[in-house]
Amino acid sequence: MLFALLATSAAIAQADDAKVDSASVNPAVAPIIRVSTNTVIDYPGGTPPGNVVGSFDAQDSTFNRPVTCGSLSGVGTAVPFDTITLTNSGANTATLNIRLGQQGDPSTACGTVIDPFLVEYDGSFNPASPLTNCLLVNDDTNGSTDRCPSFTGISIPSGSTRVYVLTTFDNAAAFNYEVTFAGTTPVSLQSFEIE
């Protein structure tokens, strides 16, 4: 009876939590390679790239997503993913804001409708080695009030490539998504004189 009571209390405590992810100390679960979308963007700076729309479904490849760039998820062990490969082809460092949200209304808080996850990689992404080249992860922009992940003020040096892995918090999640960008290219001062 005591075990049943403890199990019930644990279930209630977890249900009160919006969601719980635990770092896995085990090696990455082998990815399943199917057909995931990779959107290639050449960004010279200035006007931000247009929105990218897509969906997560049973035909997507899967991988064991990170919790941080140093540990893998114990919950998202076989999450579907798509990628955006963005290269800064401009002469200056570009700065971008990126948000992964609900298709058709990406500015709305994701809440209980969808629960996406966003990972940034330097240069390349290998689903069999999900911690390699990892730069940033984001689960929720504002905790439980906005489950849409975003990166603000991402700096991409001239000639550099970043791979953004669009994925889900949980395994087997299926929903439509939309990625929005806002960006600037800093202006460098060429010469300055005071008379």
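What is the order of Cys148, Cys134, fewest Cβ neighbours within 10 Å to most?
Listing Cys148, Cys134 from fewest to most nearby Cβ atoms yields Cys134, Cys148.
Each Lys or Arg adds one and each Asp or Glu subtracts one; over the other residues with Cβ under 9 Å from the Cβ of Asp60, this totals -1.
In this structure, the amide hydrogen of Leu72, modeled 1.01 Å from its nitrogen in the peptide plane, lies closer than 5 angstrom to those of Ser24, Val67, counting only residues at least 5 positions away or on a different chain. The distance from the alpha carbon centre of region 120-181 to that of region 39-109 is 5 Å, rounded to a whole number. Taking the convex hull of the alpha carbon positions in region 20-172 and averaging its projected area over all directions gives 8.5 nm².
Full extension from Ile33 to Val75: what is 0.36 nm times the residue separation minus their Cα-Cα distance, to one decimal in nm?
Details: separation 42, 0.36 × 42 = 15.12 nm, distance 1.92 nm.
That pair, Ile33 and Val75, stretches by 13.2 nm at full extension.
Couplings for region 54-63, taken from phi via the Karplus curve 6.51 cos²θ - 1.76 cosθ + 1.60 with θ = phi - 60°, read x, 8, 9, 8, 5, 8, 6, 5, 10, 8 Hz in order; Gly and Pro are left as x. Here the 3J(HN,Hα) profile of region 121-130, calculated from phi with Karplus coefficients 6.51, -1.76 and 1.60 at θ = phi - 60°, is 10, 8, x, 8, 10, 10, x, 7, 9, x Hz, Gly and Pro shown as x. 3J(HN,Hα) along region 161-177: 10, 10, 10, 9, 9, 9, 8, 10, 5, 9, 5, 6, 6, 9, 6, 8, 9 Hz, from the Karplus curve 6.51 cos²θ - 1.76 cosθ + 1.60 with θ = phi - 60°, whole Hz, x for Gly and Pro.
Taking the Cβ of each residue in Ser36, Ser73, Ser155, Ser61 as the centre, tally the other Cβ atoms inside 10 Å and list the residues starting with the fewest. Provide the component values of the computation, followed by the final result.
Details: Ser36 21, Ser73 28, Ser155 12, Ser61 18.
Listed from fewest to most nearby Cβ atoms, that is Ser155, Ser61, Ser36, Ser73.
Computed from the C-beta positions of Leu131 and Thr93, the FRET efficiency with R₀ = 25 Å rounds to 0.50.
Taken together, the values in this text are just the output of simple stated rules run on the coordinates, not laboratory data. Quick caveat, the model's predicted, so the values are computed rather than measured. In this analysis, Cβ positions are derived from the backbone assuming ideal geometry, glycine residues included, and neighbour counts consider all displayed protein chains.
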